[in-house]
Amino acid sequence: MPAYQRVLLKLSGEALMGDDSYGINPTTIDTMVNDIAEVVASGVQLAIVIGGGNIFRGVAGGAAGMDRATADYMGMLATMMNALALQDALRQKNVEARVQSALRMDQVVEPYIRPKAIRHMEEGKVVIFAAGTGNPFFTTDTAAALRGAEMGVEIVLKATKVDGIYTSDPKKDPSATRYETITFDEAIIKNLQIMDATAFALCRDRKLPIKVFSILKQGALKRVVMGEVEGTLVHV
């Protein structure tokens, strides 16, 4: 039996790259979609917020002299491309998916409408939220926390390239150890950069736990929703 009935999965754009330097790696997205299909088949209601870093980095664009708001809107459009690619890959696995966008793009996807998104999930469809919050200066982490709270999910699953939160960077420090669980307060004290401050504060205020795990580990997503030991749980 799944440990959760309704979850939100935060996928970074970078996770879609696999070993490539940019874009969407077909093998990587296929593996992800197989894992997502397994979770949906188990009866879990799933929403996804997807980033756009594999196509465009808003912060990097701003740092290069571009107006930050303009760069962030371009980043939102990048998330739309990823969302459509993910929707198509899911449909090829016979998993019904709907993309809802915080920016109006009615000829391509649905606008974000909360009751409609909840109904899609209750019908067993995967809902993919694109274009972040629809506002510049907010990350897709914040969009994940916001949509998670709005959808009434039980947990936010932050999929990364690392299999949890470590005491220090495991690539640089061989003695680094992984936390199995950690509180929001401990993470703040230890200055662990799990999400941006706005997203982290929203999850903490809403008492919405975060599970950090590696999306690149096959079957990890299903193990997380089944309540098995995987990744790091951040809780109140």
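Every number in this text was worked out from the coordinates using simple rules, so none of it is lab data. Small disclaimer: the values here were computed from a predicted structure and weren't measured. Neighbour counts run over all protein chains shown; Cβ positions are idealised from the backbone, glycine included.
So here's what we get for this one:
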{"quantity": "Mean Cβ neighbour count within 10 Å, used as a protection proxy, ranking 44-52, 69-77 highest first", "calculated": "44-52, 69-77"}
{"quantity": "Relative intensity, log₁₀ I(q)/I(0), of the stretch 39-151 from a Debye sum that treats every alpha carbon as a point, q = 0.15, 0.21 Å⁻¹", "calculated": "-0.61, -1.10"}
{"quantity": "Amide H contacts under 5 Å for ALA97, placed H, 5+ residues apart", "calculated": "VAL126"}
{"quantity": "Kyte-Doolittle mean at least 0.5 and Cα axial length at least 18 Å: DSSP H helices in the chain", "calculated": "26-41"}
{"quantity": "Those GluC sites (Glu not before Pro) in the stretch 79-139 that DSSP places in a loop and that have at most 11 other beta carbons within 10 Å", "calculated": "GLU123"}
{"quantity": "Cα-based convex hull volume of the chain per residue, rounded to whole Å³", "calculated": "123 Å³"}
{"quantity": "Computed [θ] at 222 nm, helices only, for the chain once each DSSP H run of length n ≥ 4 contributes -39500 (n - 2.57)", "calculated": "-11500 deg cm²/dmol"}
{"quantity": "Listed residues ILE113, ILE29, ILE128, most fluctuating in the chain (Gaussian network, C-alpha, under 10 Å)", "calculated": "ILE113"}
{"quantity": "GNM result for the chain, Cα springs below 10 Å: residue of ARG204, ARG119, ARG223 fluctuating most strongly", "calculated": "ARG119"}
{"quantity": "Quarter of Cα convex hull surface for the stretch 1-53, i.e. mean projection, nm²", "calculated": "3.7 nm²"}
{"quantity": "The stretch 1-90: trypsin sites (Lys or Arg not before Pro) falling in loop per DSSP and having at most 11 other Cβ within 10 Å", "calculated": "none"}
{"quantity": "GNM top mover of PRO136, PRO209, PRO174 - the chain, alpha-carbon springs below 10 Å", "calculated": "PRO174"}
